[in-house]
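Following: one structure in structure tokens, then a few remarks.
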Amino acid sequence: MKTSRLLLPLSAFVLAMGNFACDDDVSPIGGSITKGEATISIDTTLFDLKATPVVNDRYDARSGALMLGCIDVPEYGRLDCSFVTRLMCVTSLPAADTIPQERVDSCILRLGMGKYNFTGDSLAPQQLSVYKLTKQLPSDISNDFVPVPGEYYDPSSPLGKKTFTASNMGVEDSLINTDYNSYFSKVTPVLVDVKLPDSMAKNIFKDYKENPQIFQWPETFAKDYLPGLYVKSTFGNGCLADFSVLQVIVYHHNFKTTTSTVDGETVTTTTEVPVSSVVFSNAPEVLSSNNISYMVSDQIKDRIAQGETIITTPGGYVSKFKFPAKEIIEKYKDSDRNLSIISGLSMSIPAEVVENDYGLGIAPYMMVIKTSEIDKFFAENKIPDNKTSFYAQYDSTNKRYYFSTLRTYLLDLIEKGTITDDDVDFSLIPVQITTESNESYYNTTTYVTKCVPYTFYPTMTKLDTQNAQIVFTFSSQVID
């Protein structure tokens, strides 16, 4: 542990916050302001967190991303992903009431992903298979859930199969040129359309017409009509796709009649007009989960055995450490002042990506959370509260994660008095943070609306936990 301490008069506080030094300096505030001596103390400590690697083989994989495929990277390991999802049903389908069964043509499952939402080779051929779930998904679903053949689905009866690549080079022009698909392809330019049975399309219209109440609520729909879909990779290696959109689209047709005059005679022409209706889709309101199998490489295991702190996603390794709260509070109490006010407590951890030839990057966000609260935090869809859980975005300029808001945590410990192991046992976990901004005339406030384990892309992050920097700032005064 290496420490530098700076004691400054209150009037120099603003300058002190941006200029840490190793010299000790004590200056009294002017006597016309107060009787006695007041100082600002800034302790900057390089602290070895003595982080311990922890295998992270079971976690919440309900991120909203639909991951599919397989990659095998020497530095990283092997990652296989499939997914299960319930479906959000439409609550209004006028076409079902007006279109006769004979005019229902077909249906497809459409998967959409962003242009760069993949890892690996976008031209590597892949094949997926789609299965209808025959059993309700478990409420405690996690990444290690794999549907049991014969129990959750019939492996001999896929709804459809499709060979594809994570590139739009093979997409037909007709698929993009319609108004709807033109907009869709701008949002998710890589489209994968899986042909589903024609009978499924006809049954959807028939069932909606006969029993529309089943389609009114997602829970009723999943329980009484369709528990969901299982999509798995059945061929291919070298590419992992991250789909964001899933839709079931039914195609039917109308007739358009036009009249024209030819040689003085009226000619009536009737043509078919194709029409499509989105009947089911994925949505945040319904359950979807990734089935993730990750075999960590020997290279990572060897580096961890040699004392390096490496964190991987999705799953693999996280890290535990003890936060030095006792040492910080002892310094605070040793100030020997009549009045002390804690101004701030922050921690930064140097980090860099583990070099690899596959382009795998670093975790974009890292969360520090009390180890005892991890399961409850994700199960209850909580967000960091800056008391027992904190997050930081990776600072690529300074190559670090900077946790700036630990002050409330320390104040609660001081008020509590007794510090237990549970109070200082923390874990470092990669997460994905979703925010919303509220703009006013004076400023813009950003709120965290969602925090989930990071399962969007494979990442490898090397943390220098031996040189974590903790900055503790407090003002103190001796009253005459």
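In region 264-302, which residues are of a type outside the set (D, E, K, R) and closer than 30 Å to Val354 by Cβ?
Selection gives Ser288, Ser289, Asn290, Asn291, Ile292, Ser293, Tyr294, Met295, Val296, Ser297, Gln299, Ile300.
Residues of region 290-302 that are assigned to a helix (DSSP H, G or I), open to solvent by 40 Å² or more (accessible area, probe 1.4 Å) and in contact (Cβ under 8 Å) with a residue 40 or more places away in the chain: Gln299 alone. Against the conditions (1) closer than 24 Å to Leu46 by Cβ; (2) surrounded by fewer than 17 Cβ atoms within 10 Å (Cβ to Cβ); (3) touching a residue at least 24 places away in the same chain (Cβ under 8 Å), Ile328 satisfies every one except (2). Pairs linking a residue in region 145-157 that is closer than 23 Å to Ser199 by Cα to a residue that is open to solvent by less than 70 Å² (accessible area, probe 1.4 Å) and assigned to a strand (DSSP E or B), with Cβ atoms under 6 Å and 6 or more positions apart or on different chains, are Tyr153/Tyr131; Tyr153/Tyr230. If you check Ile71, Ile29, which single one turns out to be modelled with pLDDT of 90 or more, farther than 30 Å from Ala468 by Cα and open to solvent by less than 40 Å² (accessible area, probe 1.4 Å)? Being modelled with pLDDT of 90 or more, farther than 30 Å from Ala468 by Cα and open to solvent by less than 40 Å² (accessible area, probe 1.4 Å) holds for just one of Ile71, Ile29, which is Ile71.
Are any residues in region 101-124 closer than 26 Å to Asp154 by Cβ and either open to solvent by 10 Å² or more (accessible area, probe 1.4 Å) or in a helix (DSSP H, G or I) (or both), and if so, which ones?
Looking only at region 101-124, we keep the residues that are closer than 26 Å to Asp154 by Cβ, and these are 101, 104-111.
Result: Gln101, Asp105, Ser106, Ile108.
Picking from residues in region 178-198 that are modelled with pLDDT of 90 or more and among the charged types (D, E, K, R), the one that is most open to solvent (accessible area, probe 1.4 Å) is Lys195. Scanning region 390-408 for residues that are of a type in the set (Ser, Thr, Tyr) and under 20 Å from the mean Cα position of the chain (by Cα) returns Tyr391, Tyr394, Ser396, Tyr401, Tyr402. When Lys370, Lys382, Lys387 are checked against the criterion of being under 17 Å from the mean Cα position of the chain (by Cα) and of a type in the set (Lys, Arg), Lys382 stands alone in meeting it.
Annotation: of all residues in region 378-387 being in contact (Cβ under 8 Å) with a residue 40 or more places away in the chain and out of contact with any Phe, Trp or Tyr (no Cβ under 6 Å at 6 or more places or on another chain), the one that is least open to solvent (accessible area, probe 1.4 Å) is Phe378. Does Gln127 count as at pLDDT 95 or above, open to solvent by 10 Å² or more (accessible area, probe 1.4 Å), in a loop (DSSP other than H, G, I, E, B) and of a type in the set (S, T, N, Q)? Here the answer is no, as Gln127 does not meet what is asked. The set of residues in region 376-400 being farther than 19 Å from Ala468 by Cα, among the small types (Gly, Ala, Ser) and either in a strand (DSSP E or B) or at pLDDT 95 or above (or both) is empty. Checking each residue in region 259-289 for being free of Cβ contacts under 8 Å to residues at least 40 places away in the same chain and closer than 29 Å to Asp198 by Cβ picks out Thr269, Thr270, Thr271, Glu272, Val273. Look at (1) at negative phi; (2) out of contact with any Gly (no Cβ under 6 Å at 6 or more places or on another chain); (3) in contact (Cβ under 8 Å) with a residue 12 or more places away in the chain and you find that Ala241 fails only one, number (2). Does region 421-435 contain any residue that is without any contact (Cβ under 8 Å) to a residue 24 or more places away in the chain, surrounded by fewer than 17 Cβ atoms within 10 Å (Cβ to Cβ) and more than 22 Å from Thr309 (Cα to Cα)? Looking for residues that are without any contact (Cβ under 8 Å) to a residue 24 or more places away in the chain, surrounded by fewer than 17 Cβ atoms within 10 Å (Cβ to Cβ) and more than 22 Å from Thr309 (Cα to Cα), one finds at least one in region 421-435, hence yes.
Search region 135-158 for residues being of a type in the set (A, V, I, L, M, F, W, C) and open to solvent by 30 Å² or more (accessible area, probe 1.4 Å), and hand back the single one that is farthest from Ser288 (Cα to Cα).
Of region 135-158, the ones of a type in the set (A, V, I, L, M, F, W, C) are 137, 141, 145-146, 148.
After this cut, where a residue has to be open to solvent by 30 Å² or more (accessible area, probe 1.4 Å) as well, the list is 146, 148.
Working: Val146: 13, Val148: 17 Å.
Taking the candidates together, the pick is Val148.
Taken over region 87-100, the residue count meeting the criterion of being open to solvent by less than 70 Å² (accessible area, probe 1.4 Å) and not in a loop (DSSP other than H, G, I, E, B) is 4. The single condition among (1) within 24 Å of the chain's Cα centre (by Cα); (2) of a type in the set (D, E, K, R); (3) crowded, with 16+ Cβ neighbours inside 10 Å that Lys132 does not meet is (1).
Screening Lys161 with (1) assigned to a loop (DSSP other than H, G, I, E, B); (2) touching a Ser or Thr at 6+ places or on another chain (Cβ under 6 Å); (3) open to solvent by 10 Å² or more (accessible area, probe 1.4 Å) gives one miss only, at (1). In region 353-373, the residues that are more than 22 Å from Lys320 (Cβ to Cβ) form Cβ pairs under 7 Å with partners that are open to solvent by 40 Å² or more (accessible area, probe 1.4 Å), at six or more places apart or across chains, as follows: Gly361/Val353.
The values are calculated or read from the model by the stated rules, or taken from the named source; none is laboratory data. Model, not experiment: these values are computed from the prediction. FYI the Cβ positions are ideal-geometry reconstructions off the backbone, even for glycines, and counts take in every protein chain you see. For the accessible areas, the whole protein counts, side chains as well, though only heavy atoms, and no ligand, DNA or RNA atoms are used. Shrake-Rupley method; radii C 1.70, N 1.55, O 1.52, S 1.80 Å.
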